[in-house]
Each structure stands twice: as structure tokens, then as C-alpha cells.
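K.L.:
Submitted below is the structure of interest, expressed as C-alpha cells.
The values are calculated or read from the model by the stated rules, or taken from the named source; none is laboratory data. Worth saying up front: this structure is predicted, and the values here are computed from it rather than measured. Heads up, the Cβs are rebuilt from the backbone with ideal geometry, glycines too, and the neighbour counts pull from every protein chain shown.
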Amino acid sequence: MIAINLYFIQKTEVYYIILKELEMEFTNFDNEQSSQNIMATILKSLPKESGLTKIEYEGPSIALYSKNPRFLIENSQILSNMVNTIRKRVVIRTDESIRKSRNDSTNIIQTHLLPLKVEMNGIIFDDALGELTIYINSSFEMKNQIENTILLDLVTETGWKIKIRKSTVKLATIQFIDKVLDNSTEYRIKFYKEVGDKVFRTKLSNSCEASVLTLGGFGEIGRSCFLLVTKESKILLDCGINTHEEKAINYYPRFDMTGFTLDEIDAVIITHAHIDHTGFLPFLFKYGYRGPVYCTEPTLPLMTLLLLDYHKNHELYSEDDIKNVIIHSMPLSMGIVTDISPDVKLVLSNSGHILGSTSIHLHIGNGNHNLVYTGDLKFGKTNLLENASWNFPRVETLIIEGTFGSKDLPHKREETDPILIDSINQTLRDGGRILIPVPIIGLSQELIYTLTKYQEDGSLDPSAEIFVDKSVLEATYIHELYYDYLSKEVKSKILNENISIFNYKNLKLLNSKSKVDKPGIILVPSSMLMGGLSVKFLKQIHNDPLSKIIFISNQGTGTLGKEIQTGNTEVTINGQQLKLKCKIHAIHGFSNHSDYNQLLAYISRLKPKLKRVVINHGEKPRVQNLASSVNKILNIQCQYLLVPEAIKLL
């Protein structure tokens, strides 16, 4: 472990202000420097006035501890020049000695906020990072006022790095994560240093080789998981389970085929929170993995929400295993180059699928190869999220989903909304109930936002109640908490109009004992009728010819949803036979996956021209069709893989 301690005698008064985390993106990866050269450059670049006391590796970053960060704020160009020289991710931390106690810091914050009449929903401290987050139930104008006027005073007087977040409610998921992190402070401090030592260690070889081993999610939907293997690293990309597979051998990723143990994996990178991409993570920690998990900031609470929900219903792993996922997670910002091993750099980019979803860009070696794994991709318009990013500096190999790789195109989104609203209005006028099975995260919030919009303009009955369960509501609150990850249009609406983008007054909370016996819209998981409240409410409406099931999600083969969607009106649920008298309506166009044309458009957009495309995440006929089209139409070498298979990149 490399750690440098420096003690400077300060003869003048020190103002303890923490510098906002500085992260620099860079694209020139050549001429790698040794750890000793990096440390020497830092020491040479920062003068005595910076108050530098310690330099430590902190996961994929280099942490600089200072007793006088005001100097670094006022002379930010010095730090910027240094980062451009060392080409590493740098964070500035306050020295531990200047941080006030939690009680004193809380009192200082309350004293400053009291005259502004700011209502706080809580303060969260992170001793491992020297950070605290203030949650306020106030306008965005007030949030901006705090940040522009008294934030530096708060930081100066408390000695903590401070973030201000606007939140109208206390989120159970955030509180759970905070408690887990707070109880693991000493372990995390040690863990961050150990990860840093591994990331920034000297390379073992100057030659570069790379291959991909498929463990799940190829030629199928579910258990997305594959491994990048180089001479220096083993990087796992996604770690999901297959929730609708009958054969046990196809339920989990095929780690039995890797030939090495879990503790040999250097890092796990998660594209987004859905269970088919994250569900096996607790098992990794259950059976010995203790490395970092990289994801975006919103993905951590969303992933935690889903893992806890899955644990409640299946109990295949313990809550302690989920806590280990949280403790070892290292959220990253999008668009920032981050070293995750001696020969692999990572950049996360928006994939447009759900809140915080990302495509993974891996730079292997010293410019030897660039791999982009799209994860689940939406290269098209939605209300809540921006279109998927595509402007990568270099890509040689692209691994892209093929969920809708066939040519049977759904309705365009602008055509889909009126179809949905007309279908709902007709059922409400008839006095029926509408059941729309949804996932907890993604389409649920897109649908709530869409219904809210049409209630506001009168196209949909403004008094129509929307029934949701606790998990969908929690995920919806998390969307507003991380509004920076929403589309520019929605973010502008939140900031400028200072209103909720979801019609909470019409959202009614359901639980397992609830009964809906009046006209309304029921949005509950699971989206494929594989369990949960959607099956419960299907039983409630199945015998009512005035009511309706509307499918807007892709229904996987072998699921109850697929069975009903394809016309089977006699089904068996938990041994009980039901004859469906309710109406059934499938609307194709709300998907947060790219359709066939969007996938081809995305691939063709990447410049310079790709050397290789690999199709994953799709049923075999669809990935076969897409691979054939990429070969013939775009004239790019394209293949689809199955599980388990391996290909050599370098």
C-alpha cells in the first residue's frame, strides 16, 4: 500500500474548505507512468500552501488530503495541470483533523439553515470519505441559494465535504444504504486502499492479450454476465439471473466453466439495476468475492431496492449478502475515465434504458483495443431519458443487445401514446379496472409520467386513480432524487417550474391485502406475471368482462404473461385454473429496448467503422437475424454467441 504523509507547519489561520471533487476526462492513454512518478509529480505540482497532509489510493482514484483546500480552490489551474500530467482520477479530501463531530456539524448546519426556513429531511454522514449529504424539502431556488451563498461557510465551519439534495420524502432505500455504510466505515477505508493498490500496481507484462468468456445472456434473455480476461485482469460485466427459466442449469451464470475462483476477479461492472443484470451479485459475495462493484450513482439505490425485493420473495441469499454488495460498490460519474486495473480503463455512458443505465467502454492496454458493451440500450425517444450515447472516440469491438433483433417492428412512440390512452379511457368509461403489469423500475416511471402528462392536458380523466405498490413508489421517488440523470426536457421542467413530474396526489398505495373494486389503473410488478401483486390483481379482475389487462412490456418465452398475450384464456396460477373473461390488449411501442431499426442505426453511427460486432441479450432467432443483417447491410463482421463460449479480441 502506498501512502505518503506530509506535515506542514501552518503559521497563519487555516480556512478549512473542501474542494469539490475534481474529475478530468482524458483520451490519451499512452506513456503510462509508474506509481512513484505519479506521487512525485503530485508533490512537485502542489506547493506548501496547499496544506497537503496525505496522498492515498482510494479505489480507482488518488485521494489528496489537505488542511488548506481553500488554496486549491483559489488556484484550481495548478490542480488541473497536475491531473492532465498524471492522467489519473483525483479526489480532494479534507484532513480528518479538521472535521467537526456529527453533533457539532449538525448544529452548525441547523443554525445556518434556520433563518432560511429550510426543512431538512435528514443529514447523512460518510466518515470513510469525509462527506455529508443534506436532504432538504425546499424549492430548487432555495437549494441553489444555499449552494451559492452559505455552502462554503458550512464546509468551512464543519470541515466536511457537503452535498445538498432535494428530497420531499425520507427514502427507505437510501436510509438502509446509509446505515450499512455507516456500520462499515473502518472496513471500507481499508478496502478502498486495497483496491487502489491493485488498480495502480505495476503491470506484470508489456504484451497485451484479451478475450471474452460468455457466462450468461447470450442467445437468451436473463442472467446477463460475461468476463473480460487479459494478461493482467479479469473483469466481470453484469451479473444477473434468469427469473423465468425452468431449468436450474440456465438460472445462474456459468461460473463453473471459468476455471478460476471468484477471488481472482478484479472488478465487477454493472450496466443497470434490473435483476437479470444484478441478481447474482449477492451470490458472488456469499461465495467469497470481495472486490469492487462499479456502477452509476442512481444504480446503487435502485439495485438495492430490487435485491431486497427479490430476497423478500425468494430468500435465495441473505440480507448480509446484499449489504456486502453495498459496502463494495463504488459509484462513478458518467463520462469520466477511470482506471479499474493496471491495463483496463473504464468510461460509463448513458444507454437510455432506465435511470442510471450505462454502456461500458473499456480501453484495454495502451491503445491496443477498445470494447463497448451497450448493456440494455434505447436508441430512440422516451419521455424520461435521453437517447443512448454513441459518440465514442474509438471502438473496435461492440457487444450489443438483440432483444428486438427481428424485423417485426413495434408502433412508434408517438403512435403508441394515443392507443394506450384510448384503451384506458374506454375501460374507465365502462366502469372497469385496468391492470398493467410493469417492472419495478423503468417502464413504471415512464408510464406514470406519461399518464400524468395526459391527465394534465385532459386527454385522460384527471380524477382517475393510479394504484401502485410500495416498491414502484420508492423507485419513482428515487427518479426525482437523481433528476440530473433524466432527459434535458424533464430536468428543465423540474428545475424551472419546481414541480413534481409525477402526479403523486393520484397515486394510491397498494399492499398484498389491498383490493381494488372500483375503476382505476393498477401498475404493479411483475411485468411478466411471474409473481407479486400483478398475479394477485389478475385474479381480482379475471372474471370481469369490463376490466382489462394491458401488456406494454416484452413477455419472455415460458412466462404467464407470454401465455396470456398470445391468446390463451385458460391459465393455471399456483395450481388454480382460471378462465379469463377480462379483455386483453398488447401495446408494442413502450419498450425501453431498441427495436431492429434503432439497433442498426446505432451500429452504423459508430465511427470509425467497427471491426467486430457481437450480439447478446436476445432469444436465439432474433440475435441470429440481427447478426445476419449487420453482416449483409452494414458489411461488418458480426456474430452471435451462446453460453458458454469464448472469443479472442487480441
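Condition check ((1) of a type outside the set (Phe, Trp, Tyr); (2) closer than 27 Å to residue 197 by Cα; (3) in a helix (DSSP H, G or I)) across all residues:
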{"site": "259", "(1), (2), (3)": "yes, yes, no"}
{"site": "268", "(1), (2), (3)": "yes, yes, no"}
{"site": "276", "(1), (2), (3)": "yes, no, yes"}
{"site": "285", "(1), (2), (3)": "no, yes, yes"}
{"site": "289", "(1), (2), (3)": "no, yes, no"}
{"site": "313", "(1), (2), (3)": "yes, no, yes"}
{"site": "321", "(1), (2), (3)": "yes, yes, yes"}
{"site": "331", "(1), (2), (3)": "yes, yes, no"}
{"site": "346", "(1), (2), (3)": "yes, yes, no"}
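K.L.:
Another question about this same structure. Can you tell me which residues in region 470-518 are charged (D, E, K, R) and farther than 30 Å from residue 432 by Cα?
P.N.:
Those that are charged (D, E, K, R) and farther than 30 Å from residue 432 by Cα: 480, 484, 488, 489, 491, 493, 497.
K.L.:
Which residues, counting only those in region 333-344, are assigned to a strand (DSSP E or B) and either free of Cβ contacts under 8 Å to residues at least 12 places away in the same chain or among the β-branched types (Val, Ile, Thr) (or both)?
P.N.:
Passing the criteria: 338, 340, 344.
K.L.:
Return a yes/no flag: does region 490-500 have any residue that is within 22 Å of residue 173 (Cα to Cα) and of a type in the set (A, V, I, L, M, F, W, C).
P.N.:
no
K.L.:
Moving on to the next point. Select from region 238-260 the residues that are at pLDDT 90 or above and among the basic types (Lys, Arg) and list them in ascending order.
P.N.:
Hit for region 238-260 is 254, nothing else.
K.L.:
Exactly one of these conditions fails for residue 105: (1) crowded, with 18+ Cβ neighbours inside 10 Å; (2) hydroxyl-bearing (Ser, Thr, Tyr); (3) more than 20 Å from residue 175 (Cβ to Cβ). Give me its number.
P.N.:
(3)
K.L.:
Turning to a different aspect of this structure: Is it true that residue 164 is of a type in the set (A, V, I, L, M) and part of a helix (DSSP H, G or I)?
P.N.:
no
K.L.:
Do we have any residue at all in region 234-249 that's without any contact (Cβ under 8 Å) to a residue 40 or more places away in the chain, part of a helix (DSSP H, G or I) and farther than 16 Å from residue 268 by Cα?
P.N.:
Checking region 234-249: at least one residue is without any contact (Cβ under 8 Å) to a residue 40 or more places away in the chain, part of a helix (DSSP H, G or I) and farther than 16 Å from residue 268 by Cα.
K.L.:
All but one of (1) within 30 Å of residue 427 (Cα to Cα); (2) at pLDDT 95 or above hold for residue 643; which doesn't?
P.N.:
If we test residue 643 against (1) within 30 Å of residue 427 (Cα to Cα); (2) at pLDDT 95 or above, just (1) comes out false.
K.L.:
Consider residue 248 carefully, then state whether it is outside the structural domain of residue 87 (by TED's automatic domain parsing), on the phi < 0 side of the Ramachandran plot, over 24 Å from the mean Cα position of the chain (by Cα) and small (Gly, Ala, Ser).
P.N.:
Answer is yes for this residue.
K.L.:
For residues that are hydroxyl-bearing (Ser, Thr, Tyr) and in contact with a helix residue (DSSP H, G or I) (Cβ under 9 Å, 6 or more places away or on another chain), scanning just region 291-305, find the one that is surrounded by the most Cβ atoms within 10 Å (Cβ to Cβ).
P.N.:
299
K.L.:
Could you say whether any residue in region 352-367 is free of Cβ contacts under 8 Å to residues at least 40 places away in the same chain, surrounded by 20 or more Cβ atoms within 10 Å (Cβ to Cβ) and touching a Ser or Thr at 6+ places or on another chain (Cβ under 8 Å)?
P.N.:
Among the residues of region 352-367, at least one is free of Cβ contacts under 8 Å to residues at least 40 places away in the same chain, surrounded by 20 or more Cβ atoms within 10 Å (Cβ to Cβ) and touching a Ser or Thr at 6+ places or on another chain (Cβ under 8 Å), which makes the answer yes.
Here's the yes/no breakdown for (1) touching a helix residue (DSSP H, G or I) at 6+ places or on another chain (Cβ under 8 Å); (2) among the small types (Gly, Ala, Ser); (3) in the same structural domain as residue 353 (by TED's automatic domain parsing):
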position: 516; (1), (2), (3): yes, no, no
position: 537; (1), (2), (3): no, no, no
position: 560; (1), (2), (3): yes, no, no
position: 575; (1), (2), (3): no, yes, no
position: 578; (1), (2), (3): yes, no, no
position: 597; (1), (2), (3): no, no, yes
position: 604; (1), (2), (3): no, yes, yes
position: 615; (1), (2), (3): yes, no, yes
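K.L.:
Here's something else I'd like to know. Have a look at 161, 117 and point out the one that is modelled with pLDDT under 95 and either assigned by TED's automatic domain parsing to the domain that holds residue 59 or closer than 26 Å to residue 57 by Cβ (or both).
P.N.:
Just a single option satisfies the conditions, and that option is 161.
K.L.:
So, in region 158-184, how many residues would count as being crowded, with 20+ Cβ neighbours inside 10 Å, out of contact with any Asp or Glu (no Cβ under 9 Å at 6 or more places or on another chain) and over 20 Å from residue 306 (Cβ atoms)?
P.N.:
Number of matching residues: 0.
K.L.:
Given the conditions (1) over 26 Å from the mean Cα position of the chain (by Cα); (2) surrounded by fewer than 22 Cβ atoms within 10 Å (Cβ to Cβ); (3) over 12 Å from residue 405 (Cβ atoms), which single one is not true for residue 621?
P.N.:
Of everything listed in (1) over 26 Å from the mean Cα position of the chain (by Cα); (2) surrounded by fewer than 22 Cβ atoms within 10 Å (Cβ to Cβ); (3) over 12 Å from residue 405 (Cβ atoms), residue 621 misses just condition (3).
K.L.:
Which one of 296, 304 is touching a strand residue (DSSP E or B) at 6+ places or on another chain (Cβ under 6 Å) and in the same structural domain as residue 388 (by TED's automatic domain parsing)?
P.N.:
Sole residue among the options that is touching a strand residue (DSSP E or B) at 6+ places or on another chain (Cβ under 6 Å) and in the same structural domain as residue 388 (by TED's automatic domain parsing): 296.
K.L.:
Please pick out the residue among 429, 413, 433 that is touching a helix residue (DSSP H, G or I) at 6+ places or on another chain (Cβ under 6 Å) and among the charged types (D, E, K, R).
P.N.:
Result: 433 is the single residue among 429, 413, 433 that is touching a helix residue (DSSP H, G or I) at 6+ places or on another chain (Cβ under 6 Å) and among the charged types (D, E, K, R).
K.L.:
Within the set of pairs 6 or more residues apart or between chains, which connect a residue that is among the β-branched types (Val, Ile, Thr) inside region 183-198 to a residue that is surrounded by 15 or more Cβ atoms within 10 Å (Cβ to Cβ) with Cβ atoms less than 6 Å apart?
P.N.:
Qualifying pairs under 6 Å: 185/127; 185/128; 189/128; 195/59; 195/292.
K.L.:
Got a sec? Which strands (runs of 3 or more DSSP E) wholly within region 358-471 have at least 2 residues that are not assigned by TED's automatic domain parsing to the domain that holds residue 229?
P.N.:
433-437, 466-469
K.L.:
Let me ask something additional. For residue 575, which of the numbered conditions (1) at positive phi; (2) free of Cβ contacts under 8 Å to residues at least 24 places away in the same chain; (3) surrounded by 15 or more Cβ atoms within 10 Å (Cβ to Cβ) fails to hold?
P.N.:
Among (1) at positive phi; (2) free of Cβ contacts under 8 Å to residues at least 24 places away in the same chain; (3) surrounded by 15 or more Cβ atoms within 10 Å (Cβ to Cβ), the lone unmet condition for residue 575 is (3).
K.L.:
Looking only at region 78-116, count every residue that is part of a helix (DSSP H, G or I) and farther than 30 Å from residue 136 by Cβ and tell me the total.
P.N.:
Result for region 78-116: 8.
K.L.:
Considering region 342-396 alone, what residues qualify as being within 24 Å of residue 638 (Cβ to Cβ) and of a type in the set (D, E, K, R)?
P.N.:
Passing the criteria: 376, 378, 394, 396.
K.L.:
Which one of these is closer than 26 Å to residue 255 by Cβ and more than 28 Å from the chain's Cα centre (by Cα): 650, 642?
P.N.:
650
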